[in-house]
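The values are calculated or read from the model by the stated rules, or taken from the named source; none is laboratory data. All values reported here derive from a predicted model rather than from experimental measurement. Note that we place each Cβ from the backbone using ideal geometry, even for glycine, and neighbour counts take in every protein chain shown. Just so you know, the surface numbers come from the protein's heavy atoms only, side chains and all, with ligands and any DNA or RNA stripped out. Shrake-Rupley method; radii C 1.70, N 1.55, O 1.52, S 1.80 Å.
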Amino acid sequence: MKFRSLIIKNIFRNKSRSILAIIGIAIGAAAILGLGLVTDGLAASTQQALTAGAADFTVLPSSFGGHGSGGGFGGGGGFGGSSAFNGSSGASFVSAGQTIDQSTLNSIQQMPGVETAAGVLRSATEINGTSQPLTLLGIDGQDLSLDDVQVTNGTAFTNSTQIILGTTAATGLNKTIGDEIGIDNQTFTVVGIYETGDYMSDRGAIISLSTLQNLTNTTGVSQILVKASNGTSPTSLSSQITQTYTNLTTSTSLSGFNRENNGIQTIESGSWAITLLVLLVAGVMVVATMMKSVSDRTREIGVLKAVGWNKRRILLLIIGESMILASIATVIGLIIGVGAVEALVNSHILHGIQLAFSVNLVLEAVGVALFLGIVGGIYPAYRASRLAPTEALRYE
Amino acid sequence: MNNENIVKIENLIKRYDQAGVIALDGINLEIKKGEFVSIMGPSGSGKSTLLNMIGALDQADEGSILVSGQNLMEKKDFSSFRSKEIGFIFQLHNLIPNLTASENVQIPMLQTDASDEEMVKRASELLTSVNLGNRKDQVPTKLSGGERQRIAIARALVNHPSIILADEPTGALDSKMGDIILELLRVIHEKENVTLILVTHEEYVAEKADRIISMMDGKITS
Ligand SMILES: Nc1ncnc2c1ncn2[C@@H]1O[C@H](COP(=O)(O)OP(=O)(O)O)[C@@H](O)[C@H]1O
Ligand SMILES: [Mg+2]
């Protein structure tokens, strides 16, 4: 008989007790893996949302949003633009009365710590043949993602005769890719449909910056979307800009940035607290199981000593048993953990979270379970190895 | 060689302080190699305590005890001494219930560097010699009391000990079964030329030995 066969036989000796220990450790492993998947997934999803796409903050003229600063509205009539419109010019345009000029845009683009600075011109107009107001944005094609614009159908515009429509606008206007739209004295071809996830923005349309500048007869931009380079704090970059250009102000999505970041931290520390608690419970279960297993076998351990087993062999026996228990439990725990998270994600309770499977996470869970097995086994094994054989043999 | 003392005990004292008991009260004893002795006395007279001292399961407080040339008053771990020199048989067989007869016999060999094949072979030989050759893959719960005790005897012999220590080996058996076990022990003693020390409180059992040592209140009386 091999020593390891004895260990395995001993595990299956008291099945209900072994099952209890296995459940304890499995829950530990499952919790670590499950919580890890969710928090890592959350962090990854949020991080992606933060870094791919959106700008860190927006630079605006100081008096931006000041009422009536640019004079009355033109012939465009009422419109529901979210915020970016003031001033007027031309017959069918409500356009930026107050703009940031091109040279300021250029120098902000040159500032150290600025990864991208994209000018955006906002105006309101209406489409020829309708009386529906339309928010029209001018922005360069490669900068669309900075404004959270995702072209979901078709492509972005590549020349001055192309336009992309927000999903809501496209539905409202009953226009689709390939259709033509007249604005003022120009005709545009719809080449793409975009989504931003923001209701107001999805009611608009976007053309290239220079095209809108020509249409509205402006040279500047109404705002600049700024993204800080890696390693530069968006907060300090934004205050640096407002200090350098006193006529500019910044409107940050920074508060949102921080809020989300805190959110991740809260989730992470919460999941750590749960993990620790689960570990504690699982650890206690292992220790209790192995202690009971040792005390039930007191007499037997006395016999093992009487027939010449040394302390080391008895230690190895008990720790071996708890390690094998832990290994079986780990496999079960990993399956439960992955299964539970997948089920939660599929049932949309945790919707929108990408699961971040990683070798590290699995190794972590395996490590924790084996650690539980060893640590949970050590004290009972030590107790067993220290049993006085005569005491053990007297024990009934 | 055969007249050499394998056990040499002088003025051995063992106290159980908490219980306020002097279990061994100045024991002097010599046992020759290959001898078959019985230790007889009423319950509580200290027989098991003495046997445990000889088997290095416990240590005395005073005196000297030399077994197979090993000074058992030393402060050290005697597991390897027990593994090489001693074979224990208890009143209760103390077999591991989920292991087969063969596996139970192999247990002491796990502490040696014997291979798996050697262990299986040795266990099979011994079980055959105690007339259990056809029961080697049975678990103890399926066997009678006498059969279990025969497995325990095989287990005691597995590492070729120089001394067999049997503490009331027939105490849990009926007299017919007890006689079979005693006869088996006597045969083994002769065949293997092993020193056999048998503890009992029954005179007719003690009489099977070459020499009877009587105990009372922790002392040897004759
Ligand atoms: N571990 C122990 N703790 C306290 N007292 C013990 C212990 N072992 C034996 N004794 C006491 O020592 C005396 C001798 O016991 P023991 O050697 O078992 O006697 P026997 O085997 O002859 O019946 C008894 O009084 C018993 O109660
Ligand atoms: Mg006794």
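For B:Tyr204, all conditions in the list (1) surrounded by fewer than 16 Cβ atoms within 10 Å (Cβ to Cβ); (2) under 24 Å from B:Ile6 (Cβ atoms); (3) of a type outside the set (Gly, Ala, Ser); (4) over 17 Å from the mean Cα position of the chain (by Cα) hold save one; what is the number of the exception?
Checking B:Tyr204 against (1) surrounded by fewer than 16 Cβ atoms within 10 Å (Cβ to Cβ); (2) under 24 Å from B:Ile6 (Cβ atoms); (3) of a type outside the set (Gly, Ala, Ser); (4) over 17 Å from the mean Cα position of the chain (by Cα), the one that fails is (2).
Out of the range A:109-154, which residues are touching a residue at least 60 places away in the same chain (Cβ under 8 Å), small (Gly, Ala, Ser) and touching a strand residue (DSSP E or B) at 6+ places or on another chain (Cβ under 8 Å)?
Those that are touching a residue at least 60 places away in the same chain (Cβ under 8 Å), small (Gly, Ala, Ser) and touching a strand residue (DSSP E or B) at 6+ places or on another chain (Cβ under 8 Å): A:Gly113, A:Ala117, A:Ala118, A:Gly119, A:Ser123, A:Gly138.
Among the numbered conditions (1) modelled with pLDDT under 90; (2) over 30 Å from A:Gln110 (Cα atoms); (3) open to solvent by 20 Å² or more (accessible area, probe 1.4 Å), tell me where A:Thr189 comes up short.
If we test A:Thr189 against (1) modelled with pLDDT under 90; (2) over 30 Å from A:Gln110 (Cα atoms); (3) open to solvent by 20 Å² or more (accessible area, probe 1.4 Å), just (1) comes out false.
Counting just the residues of the range B:128-146 that are in contact with a Ser or Thr (Cβ under 8 Å, 6 or more places away or on another chain) and under 18 Å from A:Leu6 (Cβ atoms), which one comes out surrounded by the most Cβ atoms within 10 Å (Cβ to Cβ)? Walk me through it before giving the result.
Step one: filter the range B:128-146 for residues in contact with a Ser or Thr (Cβ under 8 Å, 6 or more places away or on another chain), giving B:133, B:136-139.
From what's left, under 18 Å from A:Leu6 (Cβ atoms): B:136-139.
Details: B:Lys136: 20, B:Asp137: 10, B:Gln138: 15, B:Val139: 16.
Only one residue fits best here, namely B:Lys136.
Looking at the structure I just gave you, is A:Glu342 within 14 Å of chain B (Cβ to nearest Cβ) and among the acidic types (Asp, Glu)? Break it down into steps so the answer makes sense when it comes.
On the way: within 14 Å of chain B (Cβ to nearest Cβ): no; among the acidic types (Asp, Glu): yes.
No, not satisfied.
Taking the range B:15-56 only, how many residues are within 16 Å of ligand 2 (Cβ to nearest atom), open to solvent by 10 Å² or more (accessible area, probe 1.4 Å) and under 23 Å from B:Ser83 (Cβ atoms)?
Selection size over the range B:15-56: 3.
Within the set of pairs 6+ apart or on separate chains, which have a first residue in the range B:193-222 that is in contact (Cβ under 8 Å) with a residue 24 or more places away in the chain and on the phi < 0 side of the Ramachandran plot, a second that is away from ligand 1 (no atom under 16 Å from the Cβ) and of a type in the set (Lys, Arg), and C-beta atoms under 7 Å apart?
Note: pairs meeting the criteria are B:Thr195/B:Lys33; B:Lys208/B:Arg186.
Tell me, yes or no, whether the range B:105-124 has at least one residue that is within 16 Å of ligand 2 (Cβ to nearest atom) and modelled with pLDDT under 95. Steps first, please.
So the first thing to find is which residues in the range B:105-124 are within 16 Å of ligand 2 (Cβ to nearest atom), and the list is none.
No: zero hits.
Tally up the residues in the range A:305-340 that are of a type in the set (Gly, Ala, Ser), in a helix (DSSP H, G or I) and surrounded by 19 or more Cβ atoms within 10 Å (Cβ to Cβ), please. Even if it seems obvious, please write down each step before you answer.
Step one: list which residues in the range A:305-340 are of a type in the set (Gly, Ala, Ser), which gives A:306, A:308, A:320, A:322, A:326-327, A:329, A:333, A:337, A:339-340.
Pick out the ones that are also in a helix (DSSP H, G or I) and you get A:306, A:320, A:322, A:326-327, A:329, A:333, A:337, A:339-340.
Checking which are surrounded by 19 or more Cβ atoms within 10 Å (Cβ to Cβ) leaves us with A:306, A:320, A:322, A:326, A:329, A:333, A:337.
Number of matching residues: 7.
If the requirement is being assigned by TED's automatic domain parsing to the domain that holds A:Ile139, among the hydroxyl-bearing types (Ser, Thr, Tyr) and in contact with a Lys or Arg (Cβ under 7 Å, 6 or more places away or on another chain), which of these qualifies: A:Ser222, A:Ser238? Walk me through it before giving the result.
Numbers: A:Ser238 fails: in contact with a Lys or Arg (Cβ under 7 Å, 6 or more places away or on another chain).
Just a single option satisfies the conditions, and that option is A:Ser222.
On the basis of being open to solvent by 10 Å² or more (accessible area, probe 1.4 Å) and within 16 Å of ligand 2 (Cβ to nearest atom), does B:Ala172 make the cut?
In short, yes.
Of all residues being of a type in the set (A, V, I, L, M) and in contact with a helix residue (DSSP H, G or I) (Cβ under 8 Å, 6 or more places away or on another chain) in the range A:208-248, which is modelled with the lowest pLDDT? Just the residue, please. Before the answer, list the steps.
From the range A:208-248, those of a type in the set (A, V, I, L, M) are A:209, A:212, A:215, A:221, A:224-226, A:228, A:237, A:241, A:248; that's our starting set.
Now narrow it down to the ones that are in contact with a helix residue (DSSP H, G or I) (Cβ under 8 Å, 6 or more places away or on another chain): A:221, A:224-226, A:228, A:241, A:248.
Numbers: A:Val221: 92, A:Ile224: 91, A:Leu225: 89, A:Val226: 89, A:Ala228: 85, A:Ile241: 90, A:Leu248: 88.
Filtering the range A:208-248 for residues that are of a type in the set (A, V, I, L, M) and in contact with a helix residue (DSSP H, G or I) (Cβ under 8 Å, 6 or more places away or on another chain), the one modelled with the lowest pLDDT comes out as A:Ala228.
If a residue has to be out of contact with any Leu (no Cβ under 7 Å at 6 or more places or on another chain) and part of a helix (DSSP H, G or I) to count, how many in the range A:286-302 make the cut? It would help to see each step written out before you state the result.
Within the range A:286-302, the first condition is being out of contact with any Leu (no Cβ under 7 Å at 6 or more places or on another chain), and the residues that meet it are A:287-288, A:290-297, A:300.
Now drop any that are not part of a helix (DSSP H, G or I), which leaves A:287-288, A:290-296, A:300.
Residues meeting the conditions: 10.
Considering only residues of the range B:60-84 that are surrounded by 17 or more Cβ atoms within 10 Å (Cβ to Cβ) and more than 18 Å from B:Glu35 (Cα to Cα), which is farthest from the other protein chains (Cβ to nearest Cβ)?
B:Gly63
Can you name the residue in the range B:20-55 that is of a type in the set (S, T, N, Q) and within 8 Å of ligand 1 (Cβ to nearest atom) and is also farthest from the other protein chains (Cβ to nearest Cβ) among such residues? Talk me through it step by step, then tell me what you get.
Pass one, the range B:20-55, residues of a type in the set (S, T, N, Q): B:28, B:38, B:43, B:45, B:48-49, B:52.
From what is left, the residues that are within 8 Å of ligand 1 (Cβ to nearest atom) are B:43, B:45, B:48-49, B:52.
Numbers: B:Ser43: 13, B:Ser45: 16, B:Ser48: 8, B:Thr49: 8, B:Asn52: 5 Å.
This residue is B:Ser45.
List every residue pair whose Cβ atoms sit under 6 Å apart, with the two residues 6 or more apart in sequence or on different chains, where the first one lies in the range B:133-154 and is under 19 Å from B:Asn98 (Cβ atoms) and the second, anywhere, is among the charged types (D, E, K, R).
B:Pro140/B:Arg148
Any chance the range B:159-169 includes a residue that's within 16 Å of ligand 1 (Cβ to nearest atom) and on the phi > 0 side of the Ramachandran plot?
yes
All but one of (1) assigned to a strand (DSSP E or B); (2) touching a His at 6+ places or on another chain (Cβ under 7 Å) hold for B:Phe88, so report the exception by its number.
Single failed check for B:Phe88: (2).
Exactly one condition in (1) farther than 22 Å from B:Phe81 by Cα; (2) in a strand (DSSP E or B); (3) open to solvent by less than 30 Å² (accessible area, probe 1.4 Å) is false for B:Ile197; which is it?
Condition not satisfied by B:Ile197: (1).
May I ask you to verify whether B:Leu165 is within 12 Å of chain A (Cβ to nearest Cβ) and either part of a loop (DSSP other than H, G, I, E, B) or aliphatic (A, V, I, L, M) (or both)?
Details: within 12 Å of chain A (Cβ to nearest Cβ): yes; either part of a loop (DSSP other than H, G, I, E, B) or aliphatic (A, V, I, L, M) (or both): yes.
Yes: the conditions hold for B:Leu165.
Can you name every residue in the range B:112-155 that is in contact with a helix residue (DSSP H, G or I) (Cβ under 6 Å, 6 or more places away or on another chain) and within 11 Å of chain A (Cβ to nearest Cβ)?
Scanning the range B:112-155 gives B:Met119, B:Ala123, B:Arg155.
Quick one: which strands (runs of 3 or more DSSP E) lie wholly within the range A:91-175 and hold at least 3 residues that are open to solvent by 20 Å² or more (accessible area, probe 1.4 Å) and assigned by TED's automatic domain parsing to the domain that holds A:Thr189?
It comes to A:114-126, A:150-154.
Quickly run through the range B:147-162 and pick out the residues that are open to solvent by 10 Å² or more (accessible area, probe 1.4 Å) and in a loop (DSSP other than H, G, I, E, B).
Those that are open to solvent by 10 Å² or more (accessible area, probe 1.4 Å) and in a loop (DSSP other than H, G, I, E, B): B:Asn159, B:His160, B:Pro161, B:Ser162.
Return the residues of the range B:91-111 that are touching a Leu at 6+ places or on another chain (Cβ under 8 Å), assigned to a helix (DSSP H, G or I) and facing chain A (nearest Cβ under 7 Å); say none if nothing qualifies.
Listed by number, the residues that qualify are B:Glu103, B:Ile107, B:Leu110.
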